[in-house]
Amino acid sequence: MPVPTEDFPVIDDTTIKECQALQKEEYEVLESIYPECVSSQIIDGSLKLEIPIEFGEPRVVKILQDNAVASSSADTKPETISLSTLPPLLLQLILPPTYPLQSPPQILSIRATHMWLPKIAMVQSALLDQWQGEGVLYNWVEYIRTGEFLEPLSFIADGDTIQIPHTAPQLLVPLLTKYEESSKSTQFAQNSYLCSVCLTSLKGSKCLKLSCTHIFCRSCLEDFWGMCLEEGDVGRVGCPDPQCVKEGREANEEEVARVVSEAEVKRWRWLREKRSLEKDPTIIHCPMSFCQTPVHKPADCDDDSGWGRLRQCSACAFSFCAFCRRTWHGPITACPIAYSEKLVLEYLAADEGSFEQIALERRFGRTNIQTLVTKYQEEIANKEWLESSTMACPGCECHVEKNLGCNHMICWKCRQHFCYRCGGKLVAANPYIHFSTPGQPCYYKLFDFQAEDVGWQPVEGFNI
């Protein structure tokens, strides 16, 4: 029988079942009173709350220059506006199996829309201090919704005036004003909207209005965006409306954070960074296996000299050649041939069954030699096939194979328009001028037709 300790008390099944019943009851009460604040159901103990700050009547809000990051704060005048609401706080929580009797909720993250709220750690500490062995989610919602949490942060001055320090007041003020004018959370939560994905009419508290004004239910966006992030297709994390899909409109970080989990938001950032790096054909990853950091091409390097091959990793300081990926060997010395390739070339240069081949087989092993030869021949065959059957993108050198269709190509990697016949770059605004300009090698060559010699066959049933 396990012995309870102070850090790891023994929990019986009765306590777990009682806590689960209390969690369910608290969730139902919270959803009935504040449906606009509950943006997800309890799934594996995970819960997401989106709590807007509503003052009831307009209050004076001053946006001050943050003295901690700006040395010129004394010369910057505060921005003063009148607001009745502030952008919501997004709380991602984990309800432990022993909540609310023995454990408080775990706060994974607190995120303020438009990043208007500093001192997030103090808010989190104030919330956790309110737990006294019973349900605390309702108190948290009231504490944030009424703006009561602003006073411990020393944001209340001169009676009802709210003073918010920020690194860029001139950028924050338009965002707060826009939210005040366009996002009436109470009115939006009470109305019903049709989700064009699942064709279900839901309350605004269960929906999300994107910056393009299209409205979808959170469940559909969570499933769709979560699938795209899992597959690594970050370009599809956006508005599902056909027109927005055609325009390639992507969701911003605020919209993504209001739908998916914190781990998926981190993956969204990583995928966007990875995509931006892949679009740069000069990016080379550090060849050290423990590093693999993307290395940019120096801006002041001379491509005509040997120094254009030099790269230095910013993470591990490894200097290497951009061509052979080996330790930097200077601007004049040619790239060394790999020893295995040198051995294969020496073996193939010798006559079949000659003393030189037998000596190499005895030294390194016949099986090892044959494996290296096979690998070398496969690489040569691959290079020949790429040269004869594909066309490299002039922007990123990514090879494309075509068997049918027009010769106007758009690279999937860097979105460069190019001609499949000659490999030349095309103007994205008018790519077909390349095929309609007399005198050009690809004039009237948008499509390549191969005539097939089909012999005449008599039709059965006709006496011709």
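The values are calculated or read from the model by the stated rules, or taken from the named source; none is laboratory data. These numbers come from a predicted model, not from an experiment. Here the Cβ positions follow ideal geometry from the backbone for every residue, glycine too, while neighbour counts run over all protein chains shown. Just the protein is used for accessible areas: all its heavy atoms, side chains included, with ligands, DNA and RNA removed. Shrake-Rupley method; radii C 1.70, N 1.55, O 1.52, S 1.80 Å.
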Practice problem: Identify, from the list Glu254, Glu230, Glu264, the residue that is closer than 17 Å to Cys217 by Cα, part of a helix (DSSP H, G or I) and either at pLDDT 90 or above or not hydrophobic (A, V, I, L, M, F, W, C) (or both). | Solution: Glu254
Quiz item: So which of Val245, Val260 ends up being of a type in the set (A, V, I, L, M, F, W, C) and within 14 Å of the chain's Cα centre (by Cα)?
Solution: Val260
Quiz item: Has the range 337-347 got any residue that is under 26 Å from Ser289 (Cβ atoms) and not in a helix (DSSP H, G or I)?
Solution: yes
Practice problem: Report whether or not Ala392 is loosely packed, with under 12 Cβ neighbours inside 10 Å, under 26 Å from Glu278 (Cβ atoms) and not basic (Lys, Arg). | Solution: no
Practice problem: For Tyr99, indicate whether it is outside any helix (DSSP H, G or I) and among the aromatic types (Phe, Trp, Tyr). | Solution: yes
Self-check item: Candidates Tyr432, Tyr444 - the one that is among the aromatic types (Phe, Trp, Tyr), more than 30 Å from Tyr347 (Cα to Cα) and in a loop (DSSP other than H, G, I, E, B)
Solution: Tyr444
Practice problem: Please work out if Cys286 is outside the structural domain of Leu210 (by the TED database), open to solvent by less than 30 Å² (accessible area, probe 1.4 Å) and farther than 30 Å from Cys207 by Cβ. | Solution: yes
Quiz item: From the list Leu108, Leu128, Leu171, which one is surrounded by fewer than 18 Cβ atoms within 10 Å (Cβ to Cβ) and at pLDDT below 90?
Solution: Leu171
Quiz item: Residues of the range 206-225 being assigned to a helix (DSSP H, G or I) and open to solvent by less than 10 Å² (accessible area, probe 1.4 Å), which ones?
Solution: Leu221, Trp225
Practice problem: Looking only at the range 157-173, count how many residues are among the β-branched types (Val, Ile, Thr) and over 16 Å from Ile81 (Cβ atoms). | Solution: 1
Exercise. For Thr146, indicate whether it is assigned by the TED database to the domain that holds Pro100, surrounded by fewer than 16 Cβ atoms within 10 Å (Cβ to Cβ), at pLDDT 85 or above and closer than 15 Å to Glu36 by Cα.
Key: yes
Exercise. Within the range 289-322, track down each residue that is of a type in the set (D, E, K, R) and loosely packed, with under 13 Cβ neighbours inside 10 Å.
Key: Asp300, Asp302, Asp303, Asp304
Quiz item: If we keep just the residues of the range 17-43 that are in a helix (DSSP H, G or I) and among the small types (Gly, Ala, Ser), which is least open to solvent (accessible area, probe 1.4 Å)?
Solution: Ala21
Self-check item: Residue among Trp131, Trp140, Trp116 that alone is of a type in the set (Phe, Trp, Tyr) and without any contact (Cβ under 8 Å) to a residue 40 or more places away in the chain
Solution: Trp131
Exercise. Looking only at the range 323-330, decide whether some residue is open to solvent by less than 80 Å² (accessible area, probe 1.4 Å), out of contact with any strand residue (DSSP E or B) (no Cβ under 9 Å at 6 or more places or on another chain) and modelled with pLDDT under 85.
Key: yes
